[in-house]
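The values are calculated or read from the model by the stated rules, or taken from the named source; none is laboratory data. Predicted model only: the values in this text are computed from it and were never measured. Here Cβ is always computed from backbone atoms with ideal geometry, including for glycine, and neighbour counts include all displayed protein chains. With ligands, DNA and RNA removed, areas are computed over all heavy atoms of the protein, side chains included. Shrake-Rupley method; radii C 1.70, N 1.55, O 1.52, S 1.80 Å.
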Amino acid sequence: MAEESSSPSVLLQFAPFQSAVDDGFWRRLSSLKLDTLGIDQSPIPITGFYAPCSNPQVSNYLTLLAESLPPEAGKEASVRGTLSLGNRNRCPVPGILYNTNTLESYRAIDKRSLLKAEAKKIWEEINSGKAEEDSAVLSRFLLISFADLKKWSFHYWFAFPALVLDPPATLVNLQPATQCFTLAEAESLSAACNKWRSSSLTADVPFFLVSIASDSNVAIRPLRDWAVCQGDGQKLLFGFYDPCNLPNNPGWPLRNFLALICARWNMEKVCFLCYREKHGFADLGLSLVGEALISVPQGRKDPQYVPNAVGWELNIEKKMVSRRISLAQSMDPTRLAISAADLNLKLMRWRALPSLNLNSLSTIKCLLLGAGTLGCQVARMLMAWGVRKITLLDSGRVAMSNPLRQSLYTFDDCLNGGNMKSVAAVNSLKRIFPAVEAEGVVMAIPMPDHPVPPQAENSVLEDCRRLQDLIASHDVVFLLTDTRESRWLPTLLCANSNKIAITAALGFDSYVVMRHGAGPLTCSSDVKSEAEDALSSQIGNLSTAHVNERQRLGCYFCNDVVAPIDSTSNRTLDQQCTVTRPGLAPIASAIAVELLVGILHHPDGIHAPGENATTCSATSEQPLGILPHQIRGSLSQFNQMTLIGHSSNSCTACCSSVVSEYRRRGMDFVLQAINHPTYLEDLTGLTELMKSMNTLDVDWDDEPDENADDML
């Protein structure tokens, strides 16, 4: 080394570490908090990254990236493998994250105690020799934070614990490295540094020893080779990756490096190399070489001794206050809407409902038959539960009387004759939540006792086939139409395809919400054509009357003793309109959607038995509570009942004889049922049942009871 000029000793001052947090880190933290951590405030091990300064105008920061947080389950090995490979631009540094549940908890954190605890870890790793094996622990850091997930706002504060030497180190000399070496030494040092930085084994090792032999040959070694570097005639420098760009100050990592040198090797005079780069290669003009005097701390011999520590990061204004960042403005509005919409659902899993399956809700496809008062409310409720795939079917237009009760429509939808309801409803859903995958279908549902003239048969049959395809391509069907007969064909198709079907119907001040039972038939390839096989591929092996030894639940028509008939003709105005108390539809719609969520979370799904408060024991109750078959409520009495009704062998919509006949004859059967509703009564035996009831003789006993007086 060249001769060094002497200068008065001054206290050695260090340029503080600076932090930078990538947006991806905060997004990963948000996901981790919502999906995994919940209310757990346990410390989280994280990894920061930094590299030597590579620009004389700018210091390098310690950076947090998305991968700084622990990997997801199943990806841990691959991520660790990636971090362990030497990356010259990303030297990993261990850190700890304390993320609080509330802003008040964040502000109340005992920062002095946390800093002291981290400093103690560094001191113990120095004394145990661990820091010589893994020198990155000398730059251990601390992060406290609070994530406001409603506003996508994050409060945070970094600390870079630095052990305080007492007495403090004094600087003897500090100058550019080019002024401290002979030409041969400088060339050899540059070559050795470039080799160290290009090796995958050492590129991310931030502290090292620089040994200069008498023949000007330079070797760079890990800290554990300290003893090897004590040969005669060797000059020794303690090198470190310096993130600082300042010409008169070494960077923050040197502080704990000096503490290690003092504690482990009892040196009083230390020559150090602040290694910096340019374009990925050693830059001795930017790098610094310095000489400092250090002393053994006064309490060093005490086994309980731990040096004091400093290190909480100052803000841009050089004040000791925490920082805050908001990602809301930088996020895509649709993505922000998705995150906000999922927030409440994910928070449910923290305490109230850990078993909530958000994936099943977000991927399920729902078909809503009817886009009126019930359809609008059900669509809104489905989105609130995280359902993203919704199809609405309706043939009507938005009337002036609709917007007040049908929540997806506005006055503008009524103008110029009114927009088609299904189309207007979809547009409204997308305005409310742009990420919803909604589709509107303009179509009337063919109905029994609404005869089809010959010239319209092809059109009606096409509607039947289209409805058949729609039901086959969806997982759940909501029957929300305003006439009884319009529910018949969807009920039949759902029973045939074994689809979840939920009906909601309104009276003036009463409502019924029910889930239909599973389909009645087993799959039998020898009696079905290829087209029919495709139609009923979802059915599975169901018995005619039982599923797992349980009787099937009934459908909307199972209690009827007549086939559905025309309920719209020859009606007064109040009978033509759905006249109900305004609060009824929101209640029934909410119950219908809650019923679906219960089915999706029940282990038996569509085959789940009907339950009520008296039949369901506490041990068998699911996390969402009981799963009833029917819910009937009355606003006039402000009461609600849960009922169970089993399937009927004479049901005009879901019994095995009807479904079998539909499979055998297809659309010819449907057309006959539409044109001749009594056909369904004949097929199911209801006609014979009514005849037998009419001819039944009742033998009345008119003689007085001799013991009548005893009953008084």
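Please list the three semi-axes, largest first and in whole Å, of the ellipsoid equivalent to the range 102-173, using sqrt of 5 times the eigenvalues of its alpha carbon gyration tensor. The partial results should precede the final answer.
On the way: eigenvalues 193, 43, 29 Å².
The answer is 31, 15, 12 Å, longest axis first.
Given a 1.4 angstrom probe, I'd like the percentage of the accessible area of the chain that is carbon and sulfur, rounded to a whole number. Numbers along the way, then the final one.
Values: 17290 of 34060 Å².
Its accessible area is 51 percent carbon and sulfur atoms.
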Report summary line: Any residue on another chain or 5+ positions along whose placed amide H is under 5 Å from the amide H of R397 is listed here as K421
**Report entry** Karplus-derived HN-Hα couplings along the range 391-405 (A = 6.51, B = -1.76, C = 1.60, θ = phi - 60°), whole Hz, x at Gly and Pro
**Finding:** 10, 10, 10, 6, 10, x, 10, 6, 9, 4, 7, 7, x, 5, 10
Query raised in the report: Taking amide hydrogens as modeled 1.01 Å from N in the peptide plane, which residues meet the under 5 Å criterion relative to V289, leaving out close sequence neighbours?
Result: Q175, A177, C274
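In nm, what is the difference between 0.36 nm times the number of residues separating I109 and K235 and their Cα-Cα distance?
Working: separation 126, 0.36 × 126 = 45.36 nm, distance 4.65 nm.
Full extension of this stretch gives 40.7 nm more.
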**Report entry** Heavy-atom accessible area per residue - the range 13-167, 1.4 Å, Å²
**Finding:** 44 Å²
Query raised in the report: List the lysines whose alpha-carbon lies under 21 Å from that of K269, not counting same-chain residues fewer than 8 positions away?
Result: K235, K301
Query raised in the report: What nm distance separates the two modelled labels at A384 and W265, each placed 7 Å from Cα along Cα→Cβ?
Result: 6.8 nm
Query - Å² per residue, accessible surface of the range 251-345 at 1.4 Å - result: 51 Å²
Query raised in the report: Over the Cα atoms of the range 586-661, Rg to Rh with Kirkwood Rh, two decimal places?
Result: 1.03
Query raised in the report: Roughly speaking, what is the centre-to-centre gap between the range 578-604 and the range 488-523 when only Cα atoms are used, to the nearest Å?
Result: 13 Å
Query raised in the report: How much net charge surrounds I220 when only other residues with a Cβ under 11 Å from its Cβ are counted (Lys, Arg +1; Asp, Glu -1)?
Result: +2
Report summary line: The long-range amide H neighbours of G251, using H built 1.01 Å from N in the peptide plane and a cut-off of under 5 Å, are A15, C244
Query raised in the report: Using alpha-carbon pairs under 8 Å, 6+ residues apart, how would you state the relative contact order of the chain in percent?
Result: 11 percent
Query raised in the report: Dividing the convex hull volume of the Cα atoms of the chain by its residue count, what figure in Å³ per residue is obtained?
Result: 275 Å³
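Given a 1.4 angstrom probe, what's the average accessible area per residue across the range 374-496, in square angstrom? Intermediate results must be reported in sequence, preceding the final value.
Details: 4960 Å² over 123 residues.
Spelled out: the 1.4 Å probe surface of the range 374-496, per residue, equals 40 Å².
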Query raised in the report: For Q622 and T102, what does the FRET efficiency come to when R0 = 41 Å and r is the distance between their Cβ atoms, rounded to the nearest 0.05?
Result: 0.85
Report summary line: If each part is reduced to its alpha-carbon centroid, the range 360-383 and the range 163-196 end up apart, in Å, by 70 Å
Query raised in the report: Tilt of helix 656-665 relative to the longest C-alpha principal axis of the chain, in degrees (0 to 90, nearest 10)?
Result: 90 degrees
